[in-house]
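Just below is one structure, and these are the notes that go with it.
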Amino acid sequence: MAIERYLGRISGPLLDRIDIHLAVPAVAWQDLSSSGEPEESSAVIRERVERARARQRERFRGRSSVRANAHMSARDIRHHCRLNPEAEGLLRTAMSRLALSARAYHRVLKIARTIADLSEAADLEAVHVAEAIQYRALDRR
C-alpha cells in the first residue's frame, strides 16, 4: 500500500516524461546460483549497442539537434517510426486500454525504434512495439 500511495503522488504528466519505467522483482537465490544457460557477455552487448548507435548517427547525419532516437521530434517520429498494420493495431489497442497520452505514445515509438535498431531491423514491427509498451509499467497500473 505504501508503494501505491507514493506512486499516486507522482503526476501523470511527470510520468509521461520518463521514457522507461519498470517493476524489477527480487531474484530468487536459486536463479542467481544456478548455472543454466550462459548469459551474453558484456562485450557482445556493447558491440550490439555500438552498432545501434552507429545506425542512429547515420539516420540523423547532418542534424546537429538530433543525435539519437530519444531526441526525435514528432515530425522525425512520423518519418522514422512507421508502423505496419499489425504494429499499428497493437499500439492503438494499448493507447485505448492504458489511456496513454500523446507524450507516452511518442515515447513508446522512440523506444520501439531503439529496440528495432538493437535488433538490426530496418522497420518497426509489432514485436518492437510490444516490448516498448512493456517498458511503460506505471502506465499499466
Mean-square fluctuation check for the chain, GNM, Cα pairs under 10 Å: which of 123, 31, 76 is largest? 31
Work out from phi, with θ = phi - 60° and the Karplus expression 6.51 cos²θ - 1.76 cosθ + 1.60, the ³J(HN,Hα) of each residue of segment 20-33, listed in order in whole Hz, and give x for Gly and Pro. 10, 9, 10, 8, 10, x, 4, 9, 5, 3, 4, 5, 6, 8
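Starting from 0.36 nm per residue, how many nanometres of slack lie between residue 101 and residue 49 once their C-alpha separation is accounted for?
On the way: separation 52, 0.36 × 52 = 18.72 nm, distance 2.88 nm.
So the extension gain works out to 15.8 nm.
Computed from the coordinates by the stated procedures, all read-outs in this text should not be read as laboratory data. Just so it is clear, the structure is predicted and the values come from calculations on it, not from any experiment.
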